[in-house]
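Participant: This is the structure I want to talk about, given as structure tokens.
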Amino acid sequence: MKNIAIFGAGGFGREVKTIIDKINEQTPKTFNFLGFYDDGIEKGKIINNYPVLGGIEELNALDEDLSLVISIGDPQIKTAIVEKIKTAKIDYPVIVHPNASISNDDVEIGKGSIICEGSIVTCNIKIGDFVILNLMCTVGHDSIIDNYCAFMPSVNISGEVHIKNGVYVGTGAKIINMLEIGEGTIVGAGAVVSKSLPSKCTAVGIPAKPIKYHNN
């Protein structure tokens, strides 16, 4: 049994705790959940019956092995958090809800990624590190999702799509096949992406079009 904790005690962190519970129901004694870490919440506060154990400082002072799930949706914030964690005592497991469907046909999933209930990942797919597929997302064949991307509930990604680092896709958006979405781009909720998108833009609408660009 591995000791595990969640960084991020907000709503998504609490949802990830339910995934850990479901994994333990299906495969008993997989994880021993210790509590939450969060720099924005007072140490010792109880969240859904478990304590906040501290923040980055406490994580970097650990002298025992710990599996840690980074439950932060914003790609830039998540990247910054991971870069601040320096201890070799921490590993980042892949967390997959038992009711998600993951093909056995050449699917790679990087460390720290989270795949929520009802999501479907088909075949010949590469998912990078620290990716979130929230509730009921679908990923089509031969797609590549790079590191630190986040997909909110019910996003549909068609086949042969390449989504580069740090992309955030809002609830219910759809991405048509054989497209590329540039690094750091934000796709608004409900958008339909029918043409490739450049890096570091915010795109909304049907069809999705960039409405602004950001420097960071």
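The values are calculated or read from the model by the stated rules, or taken from the named source; none is laboratory data. Every value quoted in this text rests on a predicted model; they were computed, and no experiment measured them. Here the Cβ is made from the backbone with ideal geometry for all residues, glycine too, and neighbour counts use every protein chain on show. The area values use the complete protein model at the heavy-atom level, side chains included, leaving out ligands, DNA and RNA. Shrake-Rupley method; radii C 1.70, N 1.55, O 1.52, S 1.80 Å.
Participant: Only residues that are of a type in the set (Ser, Thr, Tyr), in a loop (DSSP other than H, G, I, E, B) and more than 20 Å from GLY184 (Cα to Cα): list them for segment 116-150, please.
Facilitator: Residues of segment 116-150 that are of a type in the set (Ser, Thr, Tyr), as a first pass: 119, 122, 138, 143, 148.
Applying the additional criterion that residues be in a loop (DSSP other than H, G, I, E, B) yields 119, 122, 143, 148.
Residues satisfying the conditions are SER119, THR122.
Participant: Here is a follow-up. Kindly list, by first and then second residue, each pair from a residue in segment 139-159 that is more than 23 Å from LYS78 (Cβ to Cβ) to a residue that is open to solvent by 10 Å² or more (accessible area, probe 1.4 Å) and among the acidic types (Asp, Glu), limited to pairs with Cβ atoms under 6 Å and residues at least 6 apart or on different chains.
Facilitator: ASP142/GLU160; GLY159/ASP142
Participant: Note down all Cβ pairs under 7 Å where the first residue falls in segment 101-123 and is among the basic types (Lys, Arg), the second is part of a loop (DSSP other than H, G, I, E, B) and open to solvent by 30 Å² or more (accessible area, probe 1.4 Å), and they're at least six residues apart or on different chains.
Facilitator: LYS111/TYR92; LYS111/VAL94; LYS111/ASP129
Participant: Inspect all residues belonging to segment 182-194 and state whether any of them is surrounded by fewer than 23 Cβ atoms within 10 Å (Cβ to Cβ), in contact (Cβ under 8 Å) with a residue 12 or more places away in the chain, touching a helix residue (DSSP H, G or I) at 6+ places or on another chain (Cβ under 8 Å) and not small (Gly, Ala, Ser).
Facilitator: No, segment 182-194 contains no residue that is surrounded by fewer than 23 Cβ atoms within 10 Å (Cβ to Cβ), in contact (Cβ under 8 Å) with a residue 12 or more places away in the chain, touching a helix residue (DSSP H, G or I) at 6+ places or on another chain (Cβ under 8 Å) and not small (Gly, Ala, Ser).
Participant: Next question. Among the strands (runs of 3 or more DSSP E) contained in segment 1-91, which hold 3 or more residues that are touching a Leu at 6+ places or on another chain (Cβ under 9 Å) and more than 30 Å from VAL187 (Cβ to Cβ)?
Facilitator: On the way: elements: 2-7, 31-37, 66-70.
By residue number, 2-7.
Participant: Check off (1) more than 27 Å from THR27 (Cβ to Cβ); (2) of a type outside the set (Phe, Trp, Tyr); (3) part of a loop (DSSP other than H, G, I, E, B); (4) touching a helix residue (DSSP H, G or I) at 6+ places or on another chain (Cβ under 8 Å) for PRO98 and give me the number that stays unchecked.
Facilitator: Single failed check for PRO98: (1).
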